[in-house]
Each structure stands twice: as C-alpha cells, then as structure tokens.
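Some notes on the structure that comes next.
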Amino acid sequence: MMRKISLLTCSLSLLTTLLFITGCAGLERKVKVEILPDIPYARDDGSGVPLLMDIVQGQKPKKLPRHAIVMVPGGNIPEGARKQEAQRKLAHALAQKGYVCFLIDYRMPLLDVPPEMEKKIPFTDRIRPAAMDVKKALRQVRDHADGYQIDPDAIALLGDSAGSVIALAAGVSPPDAFIEEGETPVKVAAIINLWGTADYFPELFGTHTPPIMSVHGGQDYFIGYSLTPALNIDTLCKKHMIPHYFFPVPTAQHGAWQAVVDDRTLPELIDFFLTEVTGAP
C-alpha cells in the first residue's frame, strides 16, 4: 500500500514539475512590447519639418546588445507612413522575438510619372530623396546604438511594396550612395524585401551588397509580373555572389502578410534569415 502511495506521490510530483516547466516556457514567449512614438531622426530638406520614426521593442530585454531592423513602409502614404497597420503588426511580432524595430516616415518618391518624363528623369533621381532619408535613419540608429542597446553592425533594412523599392535601392547600393556631402557612409547587415522590385536599378548591385531575403507572391501582378521581380533579384545576386534567401508564395497576391513557407510565418521567416546571416537573437 505504501509503495502505491509513493508511486502516486512521485507521479503527481513529476506532473506538477512538468506543468510548471511548460507554464514557465509559455510565460517566456509572452514578451511585453512597448512603442516609443514620434522620434525625430532627420529633417525634410524641403520644408525643415522633422522626419519621424516610431520604435517598437520588447520590454526588459534578456540579451544585449539587440539586433535592429529599420522598416520602410509601403503604400505611398504622403504622411505618417510609419503608422501603416500591417507593418506595425509585423514589428510587434519581431519585437517579441528580441528585435528593435524602427518604423520611419520618409519623403515620397516620384514612382509614377507620365511616360514622356520617364527618360528625362532617371529612376534613381526620382527616388533619391526617399533613399537619402532611409540612409539618414540608418545613420541615426547606428550612431545611437549604445542608447538603443543594439549592435551597430547588425542593423537590417526591411521594406514592403513601394517601401521595399526604396529599401532595396538604399540597401544594395554602395555605402556612400544616396548621402549628402559631409555625411558618413552607412551600410546594412541584411535586406528584407517584401514583394518589391530592383528592376529599375540593377547597376547598384555589387560586392558591397549584403545578403537579401525576398518574399513574393506568384499571383502578384501589382509590381512586375508574378515572381519575375524576385527572380531578377536572384539573378543579380548570383552574378555578384550575394546570398539570397528567396521564399516564393505561389498562391499569394500582392501583400503576402499571411504567408506561410516551410511551416514558417512571415515573422518566423525573417527571424530565420537574420539568424542565418547575422546571428540574430
């Protein structure tokens, strides 16, 4: 009888321990996220109005320094691009994984011009102000890395749609491109391209270009034709021996925020990529 009671006691004790461990593991995954809004990072040279960014990060980080992601929202929103809901949700999910996300506003590029103006104004000139703003944001984050508790050599750049076009131009170009006279060159550790294109500036790619991750929908006819923009990036990366992590989503249209590839959601794909190329948290 005593043996049965002892076995029962041991079993209950073991079950309690397992439940406690499981509960603790669940608690560890629930990271509280805070948003620090309206942080100036530069000034619009045309109006003198401050360009702002919002910082999305987990509270009480367990591992320092953290890795950062500067995020360039798409949507061609004249003001408050950093408030784009889909990218803010992505930033929240990434902050729970230990990243510090910087969502930025930027001067709107001239993406759509009349056909007769396309040859008169080179594409890189039309996006120059926006790409310069991205470089300014990167420099602000890098130069204040200690205050943000981040690794200055592990800053990634992410963009979606039109924002990805700007992020790609700023990220794949040489460190001294898209900067003003007297500004220090700035580079990134990795680029996350979400359904964007680099078809307008293949000449910017080179040995200086960091690893790139691309997610693109097979039913996306908003930017380019199907997977063609991402396949073109893949060709350029092979030419210049740049690591390219390409995750096609055959059934997805433009804006594949809910994409699942190899049983990984979009935040998980990004975390996987950054862990591979930067040793992210």
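The values are calculated or read from the model by the stated rules, or taken from the named source; none is laboratory data. Please read all numbers here as calculations on a predicted model, not as lab measurements. Every residue, glycine as well, gets a Cβ built from its backbone with ideal geometry; the counts of neighbours run over all protein chains shown.
Things worth noting here:
- Single unsatisfied condition, Tyr106 versus (1) outside any loop (DSSP other than H, G, I, E, B); (2) in contact with a Leu (Cβ under 7 Å, 6 or more places away or on another chain); (3) of a type outside the set (Lys, Arg): (1)
- Condition check for Gly74: buried (at least 17 other Cβ atoms within 10 Å of the Cβ) and on the phi > 0 side of the Ramachandran plot: no
- Helices (runs of 4 or more DSSP H) fully within the stretch 113-228 counting 3 or more residues that are surrounded by fewer than 24 Cβ atoms within 10 Å (Cβ to Cβ): 115-118, 123-126, 128-143, 145-148
- The single residue among Val70, Val31 that is within 30 Å of Tyr106 (Cα to Cα), modelled with pLDDT of 75 or more and in a strand (DSSP E or B) turns out to be Val70.
- Selection within the stretch 129-153 - under 13 Å from Cys101 (Cα atoms) and among the β-branched types (Val, Ile, Thr): Val141, Ile150
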